[in-house]
Amino acid sequence: MDYFTYHDAELFAEEVPVRRIAREIGTPVYIYSLGTLRRHFRVFDQAFARIPHLICFSMKANSNLAVLRAFVNEGGGFDIVSRGELFRALRAGADPKKIVFSGVGKKREEIEHALASGILMFNVESEQELVVLNSIASQMDKRAPISLRINPDVDPQTHPYISTGMKKSKFGIDIKRSMDGYRNALALSHLEVVGVDCHIGSQLTSIPPFVDALSRVKIFVQALRNEGVRIRYLDLGGGLGIRYREEEPPHPEQYAEALIEELHGLDVTLILEPGRVIVGNAGILVTEVLYVKETEEKKFVVVDGGMNDLIRPALYGSYQAIRPVTEAGNGKIVADVVGPICESGDFFAKEREIARPKPGDLLAVMSAGAYGFTMASNYNSRTRPAEVLVDGKDFYVVRARERLEDLILGEVIPPILEYAKGSEV
Ligand SMILES: *Cc1c(COP(=O)(O)O)cnc(C)c1O
């Protein structure tokens with residue numbers, strides 16, 4: 001359920017015509033619907049209302065400050081994976097006591113900052129990280145609250161690049177070794193074991209892998225309690241999928257229902273780290289058609305957005321729906337929708353049946369709110385797009401389009417290169 005709908009053949013974001021935003025702000029542009037963001041957050045949060053829980057939005061899906069602030073206002077916390085994300089979360093007004101820190105490669109300075117900020121919990125992903133964390137905490141005369149990220153060896157049945165909880169994955173600690181891991185953690189004086197964590201993957205479209213993972217993680221909570229360890233948090237990560245095309249992912253309520261049942265009254269605060277399910281369908285990328293190229297074999301619709309703006313199709317071969325911003329009724333064509341970047345992987349769609357466009361038309365790449373802007377780059381020295389937040393009849397630029405000067409920020413020509421060819425004496 002989102003608020004991108006047609007009225008009289010014009011695509012609207014809530015009550016604002018998408019065309020108007022494109023005209024005023026230019027293209028490519030990301031447009032987020034505040035109503036949709038709030039609605040998705042609330043539906044997810046309320047699905048767990050019956051039990052103690054904390055929703056830590058996974059910031060890597062969408063880390064725009066305005067989007068984060070919207071979730072802060074809803075009482076949400078954050079799942080962060082870097083110092084940069086900590087910086088953003090705090091800037092957005094997040095309560096550090098609602099921040100969990102995940103990631104396999106936390107550096108010392110990142111750990112120091114997170115510890116100094118007083119975050120809720122470190123989701124530790126290796127035994128070496130335990131030792132490093134303990135030594136930093138000891139130097140800072142603090143105790144670091146931790147959980148171990150357990151790799152429960154569950155197949156989430158999703159794209160291999162976003163599958164993270166199987167035996168051969170780089171993430172977490174193998175479930176067979178995790179009891180030893182916990183014993184090691186308990187022996188370290190500046191750590192406080194407070195939870196158990198796992199995250200098995202992204203864009204999951206069925207419930208059983210989640211329940212499977214939870215049942216395995218639950219055993220740990222019980223085993224640890226038997227050893228007298230006070231476990232307060234069970235963090236089940238994120239991963240609930242969305243509909244890009246024909247997927248039929250479970251509704252958050254069904255997901256919550258299944259998890260609450262499996263928890264079976266286990267006395268913990270359940271932490272969830274949803275990303276995509278909250279923001280994915282709350283955003284679109286609007287791009288302008290530059291050329292329509294027809295060869296004997298194929299048709300190409302060349303647009304002004306590229307893989308640097310939205311990399312999912314190029315990276316995972318993902319499907320993103322593409323809709324006309326104005327429905328013109330000129331029939332359909334089958335074409336590749338491609339960007340201006342000098343790579344054959346630069347496409348938004350292949351052999352796709354779309355409304356026949358002409359140069360100057362606007363296209364909306366749907367479901368672009370998650371892993372869209374956050375994965376954007378400056379490849380081909382392209383300035384990254386603007387981000388716009390729509391609220392009812394109003395819209396706000398929440399990130400200005402980058403300027404050319406932003407492209408060379410921090411670059412320096414050293415003095416040895418000072419002289420142009422021919423100018424040396
Ligand atoms: C990416 C990630 C998430 C969010 O995944 P979604 O599929 O976007 O819900 C949550 N937790 C961790 C540890 C992650 O790496």
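The values are calculated or read from the model by the stated rules, or taken from the named source; none is laboratory data. This is a predicted model, so every value here is computed, not measured. Reconstructed Cβ throughout: ideal geometry from the backbone, glycine too, with neighbour counts over all protein chains shown.
Against the criterion of being more than 29 Å from Leu285 (Cα to Cα) and modelled with pLDDT of 95 or more, Val425 does not qualify.
Of the residues that make up region 23-45, is at least one closer than 17 Å to Leu236 by Cα and either away from the ligand (no atom under 16 Å from the Cβ) or not aromatic (Phe, Trp, Tyr) (or both)? For region 23-45, residues closer than 17 Å to Leu236 by Cα and either away from the ligand (no atom under 16 Å from the Cβ) or not aromatic (Phe, Trp, Tyr) (or both): present. Within region 354-377, residues that are touching a residue at least 60 places away in the same chain (Cβ under 8 Å) and among the β-branched types (Val, Ile, Thr) have Cβ atoms under 9 Å from residues that are within 16 Å of the ligand (Cβ to nearest atom) and outside any loop (DSSP other than H, G, I, E, B) in these pairs: Thr374/Met59; Thr374/Lys60; Thr374/Ala61, counting only partners at least 6 apart in sequence or on another chain.
A single entry from Lys350, Lys299, Lys358 fulfils the requirement of being touching a Lys or Arg at 6+ places or on another chain (Cβ under 9 Å), more than 20 Å from Thr5 (Cα to Cα) and modelled with pLDDT of 95 or more: Lys299. Among the residues that make up region 154-166, is at least one of them more than 14 Å from the ligand (Cβ to nearest atom), closer than 17 Å to Leu272 by Cβ and buried (at least 16 other Cβ atoms within 10 Å of the Cβ)? Yes, the conditions are met somewhere in region 154-166. Taking region 238-294 as the range and being under 16 Å from the mean Cα position of the chain (by Cα), surrounded by fewer than 21 Cβ atoms within 10 Å (Cβ to Cβ) and more than 16 Å from the ligand (Cβ to nearest atom) as the test, no residue passes.
Residue count for region 295-311 under the criterion of being surrounded by fewer than 24 Cβ atoms within 10 Å (Cβ to Cβ) and either free of Cβ contacts under 8 Å to residues at least 12 places away in the same chain or outside any loop (DSSP other than H, G, I, E, B) (or both): the result is 6. Against the numbered list (1) surrounded by 20 or more Cβ atoms within 10 Å (Cβ to Cβ); (2) within 16 Å of the ligand (Cβ to nearest atom); (3) under 21 Å from Ile242 (Cβ atoms), Leu54 comes up short only at (3). Screening region 211-228 for residues that are buried (at least 18 other Cβ atoms within 10 Å of the Cβ) and more than 20 Å from Pro156 (Cβ to Cβ) and picking the one that is nearest to the ligand (Cβ to nearest atom) gives Val221. Exactly one residue among Leu90, Leu133 is buried (at least 23 other Cβ atoms within 10 Å of the Cβ), assigned to a helix (DSSP H, G or I) and modelled with pLDDT of 95 or more, and that residue is Leu133. Within region 136-144, is there a residue that is farther than 15 Å from Cys56 by Cβ, basic (Lys, Arg), touching a His at 6+ places or on another chain (Cβ under 8 Å) and part of a loop (DSSP other than H, G, I, E, B)? The answer is yes, given that some residue of region 136-144 is farther than 15 Å from Cys56 by Cβ, basic (Lys, Arg), touching a His at 6+ places or on another chain (Cβ under 8 Å) and part of a loop (DSSP other than H, G, I, E, B). Taking the conditions (1) of a type in the set (A, V, I, L, M, F, W, C); (2) touching a residue at least 24 places away in the same chain (Cβ under 8 Å); (3) surrounded by fewer than 23 Cβ atoms within 10 Å (Cβ to Cβ) in turn, Val72 satisfies each one other than (2).
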